[in-house]
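Peer 1: Input: one structure, supplied below.
The values are calculated or read from the model by the stated rules, or taken from the named source; none is laboratory data. What you are looking at is a predicted structure, and each value in this text was computed from that prediction instead of being measured. Here the Cβ positions follow ideal geometry from the backbone for every residue, glycine too, while neighbour counts run over all protein chains shown.
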Amino acid sequence: MAIEAQQVDCRGCGAKVDVHAGLRTKTFVCEYCGSVCEGDKVVAVQDMQAKREEFKPWSHLRLGMTGEFLGHEYQLLGRVRVREETWWWDEWFMLSQTGFPLWLQEGEGGFTIFRVFYPTYPINPWNAGSFVKLDNTGGNAQVRERGTGTIAFIEGELTWGAVPGDTFNYMECHRGPTRYSIEYSEREIQYLRGESRDSQEIYNKFGIQERVPPPLKFDDDDDDDDDDWQDDQGHQPYQAASSESNSMGAGGKILVLGSLLLGLGLLIFSGVAEGFSKHVKSYTFKAKAATGKGDGVLLTDDHGKPIAITLPKARGAYELRLAASPTGRKGWRGGYCWWTQVAFLKKRSKTQLKKIKAYLKKEGEKMDQWTRYQKVHEVNAWFGRYWGIDEGERWNENAFVKQHYFRTKDPGPYYIRVYANNCKDYSSRKANPVGQASITVAIYKNVWMTRWMFWGGITLTVLVLLTLIWRFRSMFSDD
Amino acid sequence: MPTQQPNMACPSCGAPIDAERRFDEVYNCEYCGNTAFFTQQVSAEGDGTPQSAPIANIFSRFKVGQHGKIRGKTEFNILGNVQIEYPSGYWTEWHLKVGESDFWLQEDEGIYVLFDKRAIEEPLPAIESFQAGSSLDGWNRLPRWFIIEVGKAKVVGFEGQLPWPPKVGEEFTYIDGLGGGQVISMEIEADGTTAALSVGDPLEYEDIEITSEEAGGW
C-alpha cells in the first residue's frame, strides 16, 4: 500500500505536487517546471526533460515503487544523483508507512541499504586512518574511498535540504557485507551504517521483472572511457573505488613483510658472520726505540724491521684486530694514552726507488729504511687508560682492543709497520706507556663487513615497526 | 485516566483541556489546535497573548497520548512534542513522562535518543570555535565530547503538553556531540547566555515499543 500523498503548491509554477512525508518533507521537486523547492522558496530549477534522461538511474528502480524491507513496506520517494570527478552514484530515499527512513545506495552495479546511526566510537573523518572502528558489531572496517560528491540532480522529495550543485565530503568503509558511510562538512558529520544487497534481491523486493543490468567494468585509469561503458539504456556505471589509495594492498603487505624479514635477516647475519672469517696470522710487537725523529716509539719485530706478511686471496674483506697490552696503574688518579698507526707497506719497484733516490739527493737528503716501502693501507687507533676516584668510588676506563676492516685488491707480500706515540698530555709522557707497551696485530681473511648490515637491519626493522604501529594506531584511532 | 484541571479551558474556543500534569505550562487544544500558556497558578491568560502553533503532519510512528516501553521495561507516556526545523530538515522532540520524571525522545532521520536534562554548572564554552570534528574536554563534568553537528534551528510547531512554553520561530544554536557512548546536546538561545544541556542514550528502533493501540511499524 502506497503512502498517502498530500498535495502542495509548487513555489515556482503553482502546480500541485505530491509529497508523502508531511512536514518532514524539506525538499521537493516539481516535475512540471523543475523547481527544487525548500519550504516556500525555489532554491534551484532543473531542466527536467533533459536532466531526467541524462541522469537516468542505472537500475530499473523508479520513484513510487514499493518494496518490503525489514518486515515493512517502504516506498521510493526521492533520488539524488551524486557525482564525483569521474563517476557517480544514486541515493534513493525511501520511507515506511510510519515514517522510518532508509537510504538505498545504487552504485557499481549493486545496492546498499543505509540507516543513520550514532557510532559508539565516533571518528573524525578529516584525520581518520585506513581502518576505523565505529561500533561493537565487529572488527575494524577498511576505508575504501574518500572524496567530495556534488549533487547533480534531484527528483521526488527528501526530508533534508538539498540543492543541485551542493557538495559534501564522504568516506566509505567496508567490513564484509557491512558498509559505513560518513558524510561530513564543517557543520555536520553524519554516520550511516548499512549492508550491501544483491541487485537481484532488490529487484525482487520491488517486483521488477526486467533483468538486472550487468555490472559494468570500469577502467579507473582512463577517464576518457566514460562513454564507452554506457549500457543500452545510456546508463553509466559507478566507478569502482580505488581500494589501494588509502589502504595497504597485497603489494604493500608483501613489501612490509619482505622488509621485516630482510631487516631481521641482516641483523642475524651480522651477528653470526664473524664465525665465517678465518685467522691468518698474529704478530706481537714490543716497544723499541724509534729509529726516526721525534718522541715516537716504533714497535717492530725483534730486529727492528717491518714484518713481512703475505695476504692470502680472500673472498671478503680482511679484518685487523689490534689488542694492546695495558700497562699498570700507579696511584689513585692517573692516565695515559697513545696513538698507534698500523701501516701496510709494499716494496717500491727499482725504477721508483731510483727516482726517489735521485730526488732526495737533489734535495740533500738521505734514504732511510722506510723509503723503500710504499704505504698502501693505514689504520689509526687510540689506546689508553684513565682511572681515579669520584665521590669515594674508584673508576677505571680503558680502551685496548680495536677492530678494523679493510680490503686490498692485491693479495701477496706486504710489510707491517707499527708506530706508536705517546699522547701529548703530561701524564702520558710521564708514564711513557708506549715504552712499556706491546701490541698484537691479528689478521683474518674472508671477513664479511657486517657493520652496514647491522645498521641496515636495525634501520629496516625500526621502519617496519613504525609503519605497523602507525597502521595499528590508525585502525584503533577514535578521532 | 487523564484528569481535568478546574478552570482550564482553551482561551480560543473554550473547550475544556484535559491535563495529566498539574504544573505543565503549555497545552495544545485538541479541538481547535490552538496553544494555551498557563502559569503555575493555572491562569487561563498565561503570559498575555495565547499563541497558536498548529502542528502539521509530522509523519512519525509516535503520537501524543500513546504509551509504551523502552527496552521492554521502562514505561512511558507521550505527552507532547516539539517540531524543530534546521537547515538539514526537521527533528521532533517527544515529551515523555517516565514515572514522575520528564524525558525527551529525539527523533531525527530514523535515529532516536532518550535525553535527560542536565544542569549547567560551569560557564558556557566559547561556542564560536565549535565545528563538526572539534571536541570539548572536561566541561561541566562531561566526558570528552566529540562534536558532530553545529547549527541554527527554530521551533516550528508543537502539540500536547509541554513542561515549558516553546518559543515558536525563535532561532537558537544547537551543538550535538558524542562522548562516553552517549549523545550530548546543548541548545543556546540567541542571547548567547541561556542554554539547556541534555545527555541521552541512543536507542535503536527496536528498543522502543508502543504498547497502546495504533502502534506503528517501520
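Peer 1: All but one of (1) of a type in the set (A, V, I, L, M); (2) buried (at least 21 other Cβ atoms within 10 Å of the Cβ); (3) within 14 Å of another protein chain (Cβ to nearest Cβ) hold for B:Ile127; state the number of the condition that does not hold.
Peer 2: B:Ile127 satisfies every listed condition except (2).
Peer 1: Ok, one more. Please go through the range A:119-134 and give me each residue that is within 14 Å of chain B (Cβ to nearest Cβ) and out of contact with any Lys or Arg (no Cβ under 7 Å at 6 or more places or on another chain), ordered by number.
Peer 2: Of everything in the range A:119-134, those that are within 14 Å of chain B (Cβ to nearest Cβ) and out of contact with any Lys or Arg (no Cβ under 7 Å at 6 or more places or on another chain) turn out to be A:Pro119, A:Thr120, A:Pro122, A:Ile123, A:Asn124, A:Pro125, A:Trp126, A:Asn127, A:Ala128, A:Val132, A:Lys133, A:Leu134.
Peer 1: Does B:Gly89 qualify as being touching a residue at least 12 places away in the same chain (Cβ under 8 Å) and surrounded by 15 or more Cβ atoms within 10 Å (Cβ to Cβ)?
Peer 2: yes
Peer 1: With the requirement that a residue be away from chain A (no Cβ under 13 Å), acidic (Asp, Glu) and assigned to a strand (DSSP E or B), what does the range B:164-184 give you?
Peer 2: Across the range B:164-184, the qualifying residue is only B:Glu171.
Peer 1: Right, next: Residues that are within 14 Å of chain B (Cβ to nearest Cβ) and of a type in the set (S, T, N, Q): list the strands (runs of 3 or more DSSP E) wholly contained in the range A:1-92 that include at least 1 such residues.
Peer 2: In the range A:1-92, the matching strands (runs of 3 or more DSSP E) lie at A:6-9, A:27-29, A:66-69, A:72-83.
Peer 1: Next question, about the same structure. Is one or more of the residues making up the range A:137-146 acidic (Asp, Glu) and within 14 Å of chain B (Cβ to nearest Cβ)?
Peer 2: Scanning the range A:137-146, I find no residue that is acidic (Asp, Glu) and within 14 Å of chain B (Cβ to nearest Cβ), so the answer is no.
Peer 1: If I ask for residues that are within 30 Å of A:Val132 (Cβ to Cβ) and surrounded by 17 or more Cβ atoms within 10 Å (Cβ to Cβ), which ones from the range A:206-218 would you list?
Peer 2: A:Leu216, A:Phe218
Peer 1: May I ask you to list the residues in the range A:161-191 that are in a loop (DSSP other than H, G, I, E, B) and either at pLDDT 90 or above or more than 11 Å from chain B (Cβ to nearest Cβ) (or both)?
Peer 2: Passing the criteria: A:Ala162, A:Val163, A:Pro164, A:Gly165, A:Asp166, A:Gly176, A:Pro177.
Peer 1: Restricting attention to the range B:165-195, which residues are surrounded by 16 or more Cβ atoms within 10 Å (Cβ to Cβ) and among the hydrophobic types (A, V, I, L, M, F, W, C)?
Peer 2: Listed by number, the residues that qualify are B:Val168, B:Phe172, B:Ile175, B:Leu178, B:Val183, B:Ile184, B:Met186, B:Ile188, B:Ala195.
Peer 1: Another one. Give the residues of the range B:134-162 that are facing chain A (nearest Cβ under 10 Å) and not in a strand (DSSP E or B), sorted by residue number.
Peer 2: Within the range B:134-162, B:Ser134, B:Arg144 meet the criteria.
Peer 1: Here's something else I'd like to know. B:Glu187 is checked against (1) under 26 Å from A:Ile182 (Cβ atoms); (2) acidic (Asp, Glu); (3) within 13 Å of another protein chain (Cβ to nearest Cβ) and fails just one. What number does that condition carry?
Peer 2: So the condition that B:Glu187 fails would be (3).
Peer 1: Inside the range A:330-356, can you point out the residues that are part of a loop (DSSP other than H, G, I, E, B) and polar (S, T, N, Q)?
Peer 2: The one that is part of a loop (DSSP other than H, G, I, E, B) and polar (S, T, N, Q): A:Ser349.
Peer 1: If I filter the range B:100-109 for residues that are over 12 Å from the mean Cα position of the chain (by Cα) and among the aliphatic types (A, V, I, L, M), do I get at least one hit?
Peer 2: Scanning the range B:100-109, I find no residue that is over 12 Å from the mean Cα position of the chain (by Cα) and among the aliphatic types (A, V, I, L, M), so the answer is no.
Peer 1: Would you pick out the residues in the range B:140-164 that are surrounded by 18 or more Cβ atoms within 10 Å (Cβ to Cβ) and farther than 22 Å from A:Tyr184 by Cβ?
Peer 2: Across the range B:140-164, the qualifying residues are B:Asn140, B:Leu142, B:Val155, B:Val156, B:Gly157, B:Phe158, B:Glu159, B:Gly160, B:Gln161, B:Leu162.
Peer 1: When only residues in the range A:97-110 that are within 14 Å of chain B (Cβ to nearest Cβ) and modelled with pLDDT under 90 count, which is surrounded by the fewest Cβ atoms within 10 Å (Cβ to Cβ)?
Peer 2: A:Thr98
Peer 1: Ok, one more. Right, A:Val143: surrounded by fewer than 21 Cβ atoms within 10 Å (Cβ to Cβ) and closer than 22 Å to A:Glu106 by Cβ or not?
Peer 2: So A:Val143 fails the test.
Peer 1: Could you say which residue among A:Gly156, A:Gly149, A:Gly194 is crowded, with 20+ Cβ neighbours inside 10 Å, under 16 Å from A:Glu106 (Cα atoms), at pLDDT 90 or above and away from chain B (no Cβ under 14 Å)?
Peer 2: So the residue among A:Gly156, A:Gly149, A:Gly194 that is crowded, with 20+ Cβ neighbours inside 10 Å, under 16 Å from A:Glu106 (Cα atoms), at pLDDT 90 or above and away from chain B (no Cβ under 14 Å) is A:Gly149.
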